[in-house]
């Protein structure tokens, strides 16, 4: 799944667009804080555990590829 991260946002949320999820996080992109919050926000959005989400590409970019495991 491809996402675009918007850091330093006023509110944490996920916005689904055509081929992309925009993930808004409050944290700044420093020391992995935004990545940690991205995982938390996506886990809450999909109602799964945080360990079911993995950032597989783009750890230092605002464009990321994320692997999401289902509850099946």
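Readers should treat all values here as calculations from the given coordinates under stated rules, not as data from a laboratory. These numbers were taken from a predicted model, which means no experiment stands behind them. For neighbour counting, all protein chains shown are included, and Cβ atoms are generated from backbone atoms with ideal geometry for every residue, glycine included.
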*In nm, to one decimal, how far is the residue 54 label point from the residue 15 one, both placed 7 Å along Cα→Cβ?*
3.0 nm
*Output the antiparallel fraction of DSSP beta bridges having both residues in the chain, as a percent to the nearest 5.*
75 percent
_Crossing angle, helix 33-46 versus the chain [Cα axis fit, 0-90 degrees, rounded to tens]_ = 40 degrees
*For the pair residue 2 and residue 69, how long in nm is the line joining their label points, each one 7 Å along Cα→Cβ?*
2.6 nm
*Please state the Cα pair-distance histogram of region 2-68 with 10 angstrom bins from zero: what percent is in each bin?*
24, 63, 14, 0
_Label-point separation, residue 26 to residue 40 (7 Å along Cα→Cβ), nm_ = 0.8 nm
*Please tell me the relative contact order of region 2-68 in percent, rounded to the nearest whole number, where contacts are Cα pairs under 8 Å and at least six residues apart.*
30 percent
